[in-house]
Amino acid sequence: MPQIDITLSEGRSPEQIRDLIHEVHASVLRTVNTRPEYIRVVVHEVPRTHWATGDVTLAEMDTAHSTGTKPPPRTDDNGGGRPADTEDQE
């Protein structure tokens, strides 16, 4: 029984999600020897504030893009300007 898990950031319409499910289901049906009723497609939508790349959330990227600025990198609390995730690399 194939199960396909898809993780997306929030923001798509129910119609877009339904189309995605349909297309993935059809693709799996074409390529895997299984019955249609055995195919499971699960879509997980993640809030843009809960998804980060390089310690910048998608929401922060959206804001920076809409204002034409670059999101600042996060730093540790000691004021040294060092990225927070590099402390243990010294």
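Checked against the criterion of being β-branched (Val, Ile, Thr), surrounded by 12 or more Cβ atoms within 10 Å (Cβ to Cβ), in contact with a His (Cβ under 6 Å, 6 or more places away or on another chain) and modelled with pLDDT of 95 or more, the range 20-39 has at least one qualifying residue. Report whether or not SER13 is among the polar types (S, T, N, Q) and surrounded by 10 or more Cβ atoms within 10 Å (Cβ to Cβ). So SER13 fails the test.
Limited to the range 8-60, what total is found for residues that are farther than 30 Å from ARG74 by Cβ, touching a Pro at 6+ places or on another chain (Cβ under 8 Å) and not in a loop (DSSP other than H, G, I, E, B)?
Here the count works out to 5.
Would you mind stating whether THR63 is touching a Leu at 6+ places or on another chain (Cβ under 9 Å) and in a helix (DSSP H, G or I)? When the stated conditions are applied, THR63 does not pass them.
The values are calculated or read from the model by the stated rules, or taken from the named source; none is laboratory data. Not measured: the values here are computed from a predicted model. All Cβ positions, even for glycine, are placed from backbone atoms using ideal geometry, and neighbour counts span all protein chains on display.
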